[in-house]
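What follows is a set of notes on a single structure, which appears directly below.
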Amino acid sequence: MPGGADTDPALVPDLPALDAAVSECRACPRLVAWREEVAATRRAAFRDETYWGRPVPGFGATDARLLIVGLAPAAHGANRTGRMFTGDRSGDVLYAALHAVGLASQPTAVAADDGLELAGTRITAPVRCAPPENKPTPAERDRCRPWLARELALLRGTLRAVVVLGGFGWQALLPVLATADPAGGHPGWVVPRPRPAFGHAVHVTLEPADAAAAAPLELFGCYHVSQQNTFTGRLTPAMLEAVLADAARAAGLDPAPPVRHSD
Ligand code: SF4
């Protein structure tokens, strides 16, 4: 289990229990110090708020057919609000797109109690604590992997498609997908060698290691919704909505037609 965590992720029985357990993890000294320092000092605009300042659990349906995998919580976004991609500009872009294709009940995400619901979709990250400069180390990524592995294992019965936002998440996720559930419930998916390279709108179908035991998984790449990408136009709303709509369709959900954009 993640060193220093009180709970072995592999033993957590369901997603609500996993969400509660990961929130207590203190396995990465550098990230624990950073998330708590940010929560104590706060940004001026949020100085009257109480920051979450802890690991951020996955958000959305517990029987999701579609999973969205990011990078890590933002210092003043999810680390403040306690919900993935909530309360920052990256989340503004992501939830507007999810709403445009019919996967989110509202286009905005400002606080954990704002009423937002996702349809058949869950959002998670391979690193659950906000890292300095949005850059977790490889050791921190690997230490956090059992949480993601267990989340995937608990979704295995319904999961049919994954959208990975950015190359970091892609690299972190592929080994998890290729690994069989240690509890024996899922054989894992076959990841081709060499591993498929990350790219925007890349789509790879992963066959299960045992076709009788599991369904294929449709894997999609998408540029991350960071301001670096969205402010420069590298990722436009139309590009994001197109990937989300394709993935939703592949997952057996019924997305709305993407909104027409002038970009
Ligand atoms: S990054 Fe993951 S493993 Fe490290 S302290 Fe946070 S939740 Fe625990």
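Quick rundown of the values:
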item: Some residue of segment 180-190 being away from the ligand (no atom under 16 Å from the Cβ), at positive phi and crowded, with 24+ Cβ neighbours inside 10 Å; result: no
item: Residue match in segment 121-130 (condition: in a loop (DSSP other than H, G, I, E, B) and in contact with a His (Cβ under 7 Å, 6 or more places away or on another chain)); result: no
item: Flag for residue 172 being under 17 Å from residue 58 (Cβ atoms) and within 16 Å of the ligand (Cβ to nearest atom); result: yes
item: Considering residues of segment 42-92 that are at pLDDT 95 or above and part of a helix (DSSP H, G or I) only, the residue surrounded by the most Cβ atoms within 10 Å (Cβ to Cβ); result: 78
item: In segment 1-16, residue modelled with the highest pLDDT [restricted to those that are over 12 Å from residue 147 (Cβ atoms) and not in a loop (DSSP other than H, G, I, E, B)]; result: 16
item: Tally of residues being touching a residue at least 12 places away in the same chain (Cβ under 8 Å) and farther than 18 Å from residue 193 by Cα across segment 205-240; result: 17
item: Candidates 128, 156, 145, filtered to the one that is of a type outside the set (S, T, N, Q), near the ligand (Cβ under 9 Å from one of its atoms) and surrounded by fewer than 22 Cβ atoms within 10 Å (Cβ to Cβ); result: 145
item: Close pairs from segment 131-153: first under 22 Å from residue 53 (Cβ atoms), partner part of a helix (DSSP H, G or I) and away from the ligand (no atom under 12 Å from the Cβ), Cβ under 6 Å, at least 6 apart; result: 148/176
item: Pairs where the first residue, in segment 42-55, is under 17 Å from residue 26 (Cα atoms) and the second is among the hydroxyl-bearing types (Ser, Thr, Tyr) and within 16 Å of the ligand (Cβ to nearest atom), C-beta under 9 Å, 6+ apart; result: 52/23; 54/23; 55/23
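Here's the yes/no breakdown for (1) in contact with a strand residue (DSSP E or B) (Cβ under 9 Å, 6 or more places away or on another chain); (2) not polar (S, T, N, Q):
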| position | (1), (2) |
| --- | --- |
| 187 | yes, yes |
| 190 | yes, yes |
| 199 | yes, yes |
| 202 | yes, yes |
| 217 | yes, yes |
| 221 | yes, yes |
| 232 | no, no |
| 238 | no, yes |
| 249 | yes, yes |
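Okay, residues lined up against (1) within 22 Å of residue 252 (Cα to Cα); (2) within 13 Å of the chain's Cα centre (by Cα):
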site: 132; (1), (2): no, no
site: 137; (1), (2): no, no
site: 141; (1), (2): no, no
site: 151; (1), (2): yes, yes
site: 157; (1), (2): yes, no
site: 166; (1), (2): no, yes
site: 169; (1), (2): no, yes
site: 176; (1), (2): no, no
site: 181; (1), (2): no, no
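The values are calculated or read from the model by the stated rules, or taken from the named source; none is laboratory data. Model, not experiment: these values are computed from the prediction. No Cβ is skipped: glycine too gets one built from the backbone with ideal geometry, and neighbour counts run over all protein chains shown.
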